Structure formats: C-alpha cells, structure tokens
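What follows is a set of notes on a single structure, which appears directly below.
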Number of protein chains: 2
Amino acid sequence: MPILVMKFGGTSVATLDRIRRAAKRVGREVANGYDVIVIVSAMAGKTNELVGWVEETSPFFDAREYDAVVSSGEQVTAGLMALTLQEMDIPARSWQGWQVPLRTNSAHAAARIEDIPPENIKAKFAEGMKVAVVAGFQGISPEGRTTTLGRGGSDTTAVAFAAAFGAERCDIYTDVDGVYTTDPRITSKARKLDRIAFEEMLELASLGAKVLQTRSVELAMRYKVRLRVLSSFEEGGEDAGTLVCDEEEIMESNVVAGVAYSRDEAKMTLTHVEDRPGIAAAIFGPLADAGVNVDMIVQNISEEGHTDMTFSCPVDQVKRAERAMSEARETGEVGFKDLVADTEVAKVSVVGIGMRSHAGVAAQMFKALRDENINIKVITTSEIKISVLIDRKYMELAVQALHDTFGLDRAA
Amino acid sequence: MPILVMKFGGTSVATLDRIRRAAKRVGREVANGYDVIVIVSAMAGKTNELVGWVEETSPFFDAREYDAVVSSGEQVTAGLMALTLQEMDIPARSWQGWQVPLRTNSAHAAARIEDIPPENIKAKFAEGMKVAVVAGFQGISPEGRTTTLGRGGSDTTAVAFAAAFGAERCDIYTDVDGVYTTDPRITSKARKLDRIAFEEMLELASLGAKVLQTRSVELAMRYKVRLRVLSSFEEGGEDAGTLVCDEEEIMESNVVAGVAYSRDEAKMTLTHVEDRPGIAAAIFGPLADAGVNVDMIVQNISEEGHTDMTFSCPVDQVKRAERAMSEARETGEVGFKDLVADTEVAKVSVVGIGMRSHAGVAAQMFKALRDENINIKVITTSEIKISVLIDRKYMELAVQALHDTFGLDRAA
C-alpha cells in the first residue's frame, strides 16, 4: 500500500468535534487506498496551559521535566484520534514518541530528530492496521527520556515520518488554505499558489510567511518529500491547498513566486569602524553570543582606514545589540564612533526560482519602488531572492506595488 | 540510605500551591535522611476530564487508547513535582511507568503489576538524586504499551514500590487524617486509631471504609509493607495518621477495632428451591456471570426436598440479579417459586483481630442490637469479623450502639 502522512495542527484538533472532522479526512484517504500515518498536535491551548504551569513552578526549569510535562498534550490527542477512527471502523492505534521510537539527540525542548526506524509501524500495517496516529513534537533521547522538538516540531515530525516511510506525500492541515503570493490582508489581489518550489517556500518561510516552519521545509527539500499545505476547515478536491515540491514538478511559473515582508526590523549602523582584517568577526561574534539574529549586512567603502558597518535585526533585539557592542568597545575588541539605530524600518522581499534564468528582476523591483517614491535603505540579494529595507510606513504600499509589477495576481 | 515511599492523591496535588505543600513534606523527609520515592496521582479533576473525552469519543472504547490518554494526567503532576523539588534545591527527577519500568500484564485499564526492577532508580539514588517522582497508576505491558491499574491504582503503585525497594514505610497522604473506629459522621465518639492490623484494615476497606483500596492493603499485607495513612492538609509529628502494620507491632488493642457499615444493600430470597447437589453452583454461577457481587449467603434447613436460599448484593444490582435468575429458570437450570427482594437493608459489621482469642463478641453484639430492638435478618461471620443485615432505618442507631458496647471511644 502507498503511505500518506497527514498532519493536523492544534486548531484542527481543538475539540472532539474537530477531531472527528479530521478523522473523516483520514477515512477518505484510507478509502483511496492509502496506509496513513497521522501526526497530531496538542489540542489548541493545551500546550500553553502546560508550559504556563511549568514556568510558574520553575522559571529556569529543567528542560527534561518541561518535556515530560509538555509532551502529554500530543499524547492525549493521539489517543482520542485513534479512538475516533476506531469508531469509524478503521483499524487504528496511537504511538507516543518513545514507542515508535522517534530517536532524537538530548537537546531537551529543542531536540533534533536522529532516526525513525519504520519497522514497528510497518509491522502493524502488515497486520491490517490502516492508520498509525503519532503524537507529534516528541521523541526519546539516548538516555531514555522524553524530548520535545521545539517550535514547529509537529510539522517537522510529519516530514521526517514521510521521509522515513517513503510516503507519497505529506499533507499539512492548518488554518489557512495554502501558500499565497503575498499576505491577503495586505492586498486582495493575493492569489493562492497551486505549487511552489522547496527553495521558494524556504525563503518565504524564513522571511516570515507563517504557513510552514523553515525547519520542516528544509527537511522536506533534503529528502524530496512532497508537502501539501491545506485547510482543515474547507473541503477541497485533489488540487486543494498548495503543493510544495521539487522545481522539476513545476512546469511553468512566474519569475517571481511571491512577495514577503517582515514588519518589525531595525537597521543598525556602526560608524567610523576601524577597517582591518577580522573586524567583521569582531563585531558579529559578540552579537551572535548575545543572541542577536543579524539578517542583512552591508559594509561601506572604506575611507582613510575607517568604514561604516550596517546590519539589520529584529527590532526587539536592538537593546541587546547595543549592550553587546558597547561591551565589545569597552574590552577594546571593536573600535567605533556611534551605533545608530533606526527602529522604524521593514523588510520587503521578492522570491522566485525564475530569477535564476531571468535578468532584470532587481531593476524592475527598484523601478516599481521608485515610482512610489519609496527610498531603499539596504539591499541584499540571493540567487532566488531580493530583499530591501525601507521605512516601515511604506511597507504595505511596497508590497502592493511589487505584487502588481510582477503580475502575481495572474497565474503564469 | 533508608528509602521512604510517599504517595499524594489527586486532592493533595490539585494546584501548583498544593504541589508545593506536598513537596515541602517530601523535603522534610529528605532532611530526615531518607531517599524518597514519591508517587503522584493526577491533579484532582484531570482524570475525570480525560475519561470524559474518551467516553464521549467512543462509548465502548479500546482500553489501550483509554490508557494512553488517561495516563497523561499523572505524567504532568510527576514533572511538576520534580520541578518543584528542584526549585527547593533537592535533586529530583520524574519517571513515567514505562521508564521505571513498572511492568504489568496486558489487562488494560485494570492491569496488575508484575514486576518493578529497582535498578534504574537505585542507580540514580547512588548518583546523588534524593527524590524519584513516579507517575502513579500506570505501567507498561509486555507489548510495550502504556497500561493503567484501575481503581485505587495509585495506592497500589505506592505499596508495590515500597515492597520492591524494601522501603522503611509507605506514607499515603490523603484528605482524611487516618483510620477511625467508625465513620465520624455517624457518631462523634469515633476515635482515630494510631495503629491497625493489616487484616483489620482489609476487612474495613472491603466493608466500605474509603480510606484505602482493598487491593493496596492486600499487597501491603503480603509484603509486610508498613503503611501510614495521613492527611496532607494537617501538620502532624511522627505519630500523625494511622499506621497499618503487622499485628505483632500492635502491643495492646481493643477486641473490636472498628465498626463498619454499608448502606445500600439488598436481601434477595429464592423460595422453594429444589434442594439437590449442585444447586448452589446453579444459582451463583449465573449471578456471577451477570456481574452481581453476591456478599452474604444463607441457606435454610431443607423441608421435603426444598429450601430457601438468601443472599445479599448491592441494591443497584437487584435488577441484574432478577434477570439472571429468571433466565436460569427459563432454561431449566434452577427451579424456584419466587425471588423476593428486600431493598431496604444495610449491613453493619464489627472487625477486630482480638476476636480470635476472645469469646463472646457475637453474643455481646447481638445483645446490644436487641437492647435497641433492632431485628437481625442475616448473619455471617469470619475469623475477625461479624456482619449482620438489618433494616436500613436502624443502621446509624446500630453503629452507635456497637461503638458504645465495645468501648471504642477509649484506647485499649
């Protein structure tokens, strides 16, 4: 039998009724001839309740106990989902992380998956079981303790199972009906994409599109797991949602696949920095140690042995960056004059694998922004992405202009 | 280090505050020089919530999935208790049933403990851990699935750990402060016992005293685990609560230790039963198959090849008993004239190991009841117990009269 992985997030299993709705979708795929592996999250709100108890009990908690407590949420949903399927006369059973076993390293609360031996579940499929319901987000450490995978852990669990079992597809049921050319709250012209390449999805996810966690897309790309994102609240046929897949599966597409944005950015400039070998390491080492997520970096041309160094980071990390830099100056690691923070900026990006073969995308992007009189503060590019920092007040206008200029409201 | 087992029930860990209070008691025993094994129940109300979800999902549920869901409650408390102890700088960690492992048979939702290998936890004690917090009520089946132990499972877990680890004592923290000579709601003269023998506790538990589950007392008696029942809501010294122990530890005691009662009994009489070999089996076989818990049985003297057979059972099983008997008559298994049900009776019992060596307890009991004009309907006796069925309306009067006549308001 071909294997299908289906993952239901917290809102999709928030009540017994919603679990029943999700189970019906599973039943339909069983009727289609699949052996199904269902990955479930905790019922919406449960994980927050458990985390709240842990934090109230122990502000600097032992992550091993955190994992023991927090993993119970998925365990409950998995049992209830298995029971619901059994009520529909579908042979099903639940599996906790340690039962599979989903082996992880020992980095509690943020563990990485190391191995998913498929033998146990495959043996049950061979005996006639049709659905394995697996508690997402959890595994077992080499020491035999329960681990959790951290943010996005359930999506990652689903992709890892699809890879380990050679599943035909991994369907991620969520509260949106797919991946859009941009945020529909910003322009009503935003259009759902039928397909998107792994690389594009990865850029969009890391740029703030909240549909899929970066980590799960990375894993899907590495193992070529076809990933479908679709809504658990809408009915749709075979073509529902968005398929995230290898670019070879995408026949024809727009040069630009989507426009992403990140609202709360800050632009930091270190002025009059001594320009010497190793200066970048001297600056960005302490920032990394302080937990500042530096994104874009631009270095000015040097004048008289000095330069300006500009970088961007999330606006809520500005204080941390300032502290790290003033400490680095005190210890003599870095010499600079001022650290100027502009906390009123946003990042807007266009993403598309078509850029690789089409020249002129950057020029068209800059022209569209100029036509709206939007000043560009910083530019960075990658093979399939161009990002700019602009004043935050122009962010929505910029997204709309770029969506229009690249014709994203129309399919290729 | 000597080992102490401490068990906290659902009301004793109902909130984070109460978990902290329980942890303080644990801390005191650690300061007293013990390595402590703490057995915890789910926070009060949690198990009912989980059971409710299971039953709503699937009225005739798969007990394996029931166990997967319901066992999560204890898991949460165990993690929170370990964190609380860590906050008090006491080295502690949590263990789920499968981690110990607490091995059970495969009778899901009512599993029996088969083995508790102490090596894993002992190794941690040797490394400096002071408290092992164990999720009560749960284990692992030979198939590697989570099992639960059914009613009274957490008390039973605690006693089994005390036996497996050779603990000095097993302290059961609950919402009453010990075992009483009788129910204090019936007579204010009821007195807390400092000590009670296993056999007496066993009779009292099976007669309806709700302090300890029969199963845990049986296990304690078999392995000679000294069991202390005490309140988690009151402070008490070394002598707090009631010690359930071997009778050799009880120097001097009253002939009668306590008076128990069971309010909702029914007396059933089969009239004009054919008196032949095998007739008792023919009657009580079908009753057992129908799930009727027959308690007392009395057979009248036979007249002309026929007899009357009287038995008692819980009043809510009368319908079931009537159905079973009329079916047995239809199939010709049993011949009788009428089945007369008296649903207005109660059972009152006196219990005490002193009866073994003291004659005249029964006579004194019957005289006390006669002095109150209470008619006795059925009598049964065991080595350390005498029970009578009487009209329910006299139950409280009977308990008070018996408590008085045996002088239970005064210590021996």
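Report whether or not A:K7 is at pLDDT 95 or above and not in a helix (DSSP H, G or I). Criteria met by A:K7. Here is the figure for region A:60-91: residues that are within 28 Å of B:S41 (Cα to Cα), polar (S, T, N, Q) and in a helix (DSSP H, G or I) total 4.
Within region A:358-385, the set of residues being small (G, A, S) and under 27 Å from the mean Cα position of the chain (by Cα) comprises A:A362, A:S382.
Of the residues in region A:55-72, at least one is crowded, with 18+ Cβ neighbours inside 10 Å and closer than 18 Å to B:Y66 by Cα.
Has region A:371-383 got at least one residue that is of a type in the set (S, T, Y) and surrounded by 20 or more Cβ atoms within 10 Å (Cβ to Cβ)?
Checked against the condition, which is being of a type in the set (S, T, Y) and surrounded by 20 or more Cβ atoms within 10 Å (Cβ to Cβ), region A:371-383 yields no hits at all.
Just one of the numbered conditions (1) crowded, with 22+ Cβ neighbours inside 10 Å; (2) in contact with a Ser or Thr (Cβ under 9 Å, 6 or more places away or on another chain); (3) among the β-branched types (V, I, T) is not true of B:T182: (2). Restricting attention to region B:198-217, does a residue exist that is part of a strand (DSSP E or B), under 16 Å from B:A260 (Cα atoms) and in contact (Cβ under 8 Å) with a residue 12 or more places away in the chain? No; the residues of region B:198-217 include none that is part of a strand (DSSP E or B), under 16 Å from B:A260 (Cα atoms) and in contact (Cβ under 8 Å) with a residue 12 or more places away in the chain. For B:I39, are the conditions met, namely being surrounded by 19 or more Cβ atoms within 10 Å (Cβ to Cβ), over 21 Å from the mean Cα position of the chain (by Cα) and modelled with pLDDT of 95 or more? Considered against the rule, which asks whether it is surrounded by 19 or more Cβ atoms within 10 Å (Cβ to Cβ), over 21 Å from the mean Cα position of the chain (by Cα) and modelled with pLDDT of 95 or more, B:I39 comes out as no.
For region B:2-16, which positions are of a type in the set (S, T, Y) and surrounded by 17 or more Cβ atoms within 10 Å (Cβ to Cβ)?
So the first thing to find is which residues in region B:2-16 are of a type in the set (S, T, Y), and the list is B:11-12, B:15.
Selection gives B:T11, B:S12.
Of all residues in region B:35-76, those satisfying the criterion of being more than 10 Å from chain A (Cβ to nearest Cβ) and polar (S, T, N, Q) are B:S41, B:T47, B:N48.
To keep it simple, each residue is scored yes or no on (1) within 23 Å of the chain's Cα centre (by Cα); (2) closer than 15 Å to A:L212 by Cβ.
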position	(1), (2)
A:A126	no, no
A:G153	yes, yes
A:T156	yes, yes
A:A162	yes, yes
A:G166	yes, no
A:Y180	yes, yes
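Filtered by the rule that a residue be among the charged types (D, E, K, R) and assigned to a strand (DSSP E or B), region A:92-119 gives A:R93, A:R103, A:E114, A:D115. If the condition is being surrounded by 20 or more Cβ atoms within 10 Å (Cβ to Cβ) and within 14 Å of chain A (Cβ to nearest Cβ), then region B:17-34 contributes B:I19, B:A22, B:A23.
With a cut-off of at least 1 residues that are touching a residue at least 40 places away in the same chain (Cβ under 8 Å) and at positive phi, name the strands (runs of 3 or more DSSP E) lying wholly within region B:255-334.
Values: elements: B:258-274, B:297-299, B:306-314.
Answer list for region B:255-334: B:258-274.
Is it true that A:V388 is farther than 28 Å from A:D289 by Cβ, in a strand (DSSP E or B) and under 23 Å from the mean Cα position of the chain (by Cα)?
Here the answer is yes, as A:V388 does meet what is asked.
Within region B:112-150, the set of residues being within 19 Å of A:R93 (Cα to Cα) and either in contact with a strand residue (DSSP E or B) (Cβ under 8 Å, 6 or more places away or on another chain) or more than 14 Å from every other protein chain (Cβ to nearest Cβ) (or both) comprises B:Q138, B:G139, B:I140, B:S141, B:P142, B:T146, B:T147, B:T148.
A search for C-beta distances below 7 Å between a residue of region B:83-98 that is more than 24 Å from B:I140 (Cβ to Cβ) and more than 7 Å from chain A (Cβ to nearest Cβ) and any residue that is assigned to a helix (DSSP H, G or I) and among the small types (G, A, S), counting only pairs 6+ apart in sequence or on different chains, returns B:L85/B:A23; B:M88/B:A23; B:M88/B:G27; B:I90/B:G27. Would you confirm whether or not region A:156-178 contains a residue that is within 13 Å of chain B (Cβ to nearest Cβ), modelled with pLDDT of 95 or more and crowded, with 23+ Cβ neighbours inside 10 Å? The answer is no, given that none of the residues of region A:156-178 is within 13 Å of chain B (Cβ to nearest Cβ), modelled with pLDDT of 95 or more and crowded, with 23+ Cβ neighbours inside 10 Å. Taken over region A:74-89, the criterion of being surrounded by 24 or more Cβ atoms within 10 Å (Cβ to Cβ) and either aliphatic (A, V, I, L, M) or within 11 Å of A:V13 (Cα to Cα) (or both) is satisfied by A:E74, A:V76, A:T77, A:A78, A:L80, A:M81, A:A82, A:L83, A:L85. Considering only residues in region B:203-224 that are on the phi < 0 side of the Ramachandran plot and at pLDDT 90 or above, the one that is farthest from the chain's Cα centre (by Cα) turns out to be B:Y223.
From B:E327, B:E247, B:E265, B:E303, grab the single residue that is under 29 Å from B:R392 (Cβ atoms) and surrounded by fewer than 18 Cβ atoms within 10 Å (Cβ to Cβ).
Values: B:E247 fails: under 29 Å from B:R392 (Cβ atoms); B:E265 fails: surrounded by fewer than 18 Cβ atoms within 10 Å (Cβ to Cβ); B:E303 fails: under 29 Å from B:R392 (Cβ atoms).
Just a single option satisfies the conditions, and that option is B:E327.
The values are calculated or read from the model by the stated rules, or taken from the named source; none is laboratory data. Everything quoted here is computed from the prediction, not taken from an experiment. Reconstructed Cβ throughout: ideal geometry from the backbone, glycine too, with neighbour counts over all protein chains shown.
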